[in-house]
Amino acid sequence: MKNDRCGKAATLTEADYSKLRRNIKTLKYKLLLDLAWYTGERWGALVHLRVSDVYLPNGTPRDVVTFRAATRKKRPDGTAETRQVPVHPILFENLRGFAPGASPWLFPNRDGSKPVTWRNCYSIFMKAVERAGLAAKGISTHSTRRSFITKLHNNGVATATIKKITGHRDFKALEAYIDISTDEIRGAIATL
C-alpha cells in the first residue's frame, strides 16, 4: 500500500480526515479515528484504552488522554513511557457525544471482555479509505500519527515540544515523521 511513498504512510489533509470520518459507519470507530487524529498515538495503543484513561468516573471526558506504558510501542531496550495528551476542544465534544458501555475497555470486542483487535480496526479503517476514494494515496493507520506530527511542525510548534508530546526519545526518530512538502523546499531556497 505504501510503495509509492517509499515505505512511509501518507500524511492526511483535513479534507482527507473528513472524508474518512464520513465513510466510517459507527460512532465507536469514528471516535477511534478522532483519537488518532487529535492525539497522534499509534493505533495499537488506542485500541487498548480503558474508559478510565479517557473519562472521569461521572462520565465526563478528562482533560487529558492517558496512554499507559504497557500499551505503547516498546523501544529497542524494551521500555515504554506513559504518555498523556491534552484533549483538543473538538475531541472533547466528540467524547461527550459518545457513551462508553459497561466494559472497562473504551473499544471493547463484541462481548466486552477484551479490547477490539488492531487487525479489526485496520480493516474498518482501510474500508473507509477505499470508500472515500483515497486508496491510491498510500494511507495506513500510521498516517494519523504522521499527519499529527507534520501538522504541529507546519503550525510552528518547536520540535522539542513535539518530541515531548509524542513521546519520542530522540530527534532523529521524530524527524522521520515530518513530511516536508516540495513547496516548503522551494520556499526555503527562495529565501536565499
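Quick look at the numbers
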read-out	value
Region 58-103 - residue that is surrounded by 15 or more Cβ atoms within 10 Å (Cβ to Cβ) and over 16 Å from the mean Cα position of the chain (by Cα) and, of those, farthest from Arg145 (Cα to Cα)	Ser103
Tally of residues being of a type in the set (D, E, K, R) and either surrounded by 20 or more Cβ atoms within 10 Å (Cβ to Cβ) or over 15 Å from the mean Cα position of the chain (by Cα) (or both) across region 21-41	4
Among residues of region 50-85, those that are within 25 Å of Ala102 (Cβ to Cβ), in a loop (DSSP other than H, G, I, E, B) and in contact with an Asp or Glu (Cβ under 9 Å, 6 or more places away or on another chain), counted	2
Elements of type helices (runs of 4 or more DSSP H) contained in region 123-192, each with 1 or more residues being under 20 Å from Ala80 (Cα atoms)	143-154, 159-166, 171-175
Answer from Glu81, Glu175 - the residue that is closer than 18 Å to Thr39 by Cβ, among the acidic types (Asp, Glu) and modelled with pLDDT under 90	Glu81
Enumeration of residues in region 60-84 that are among the small types (Gly, Ala, Ser) and out of contact with any Lys or Arg (no Cβ under 9 Å at 6 or more places or on another chain)	Ala70, Gly78
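The values are calculated or read from the model by the stated rules, or taken from the named source; none is laboratory data. Keep in mind that what you see is a predicted model, and the values were worked out from it rather than measured. No Cβ is skipped: glycine too gets one built from the backbone with ideal geometry, and neighbour counts run over all protein chains shown.
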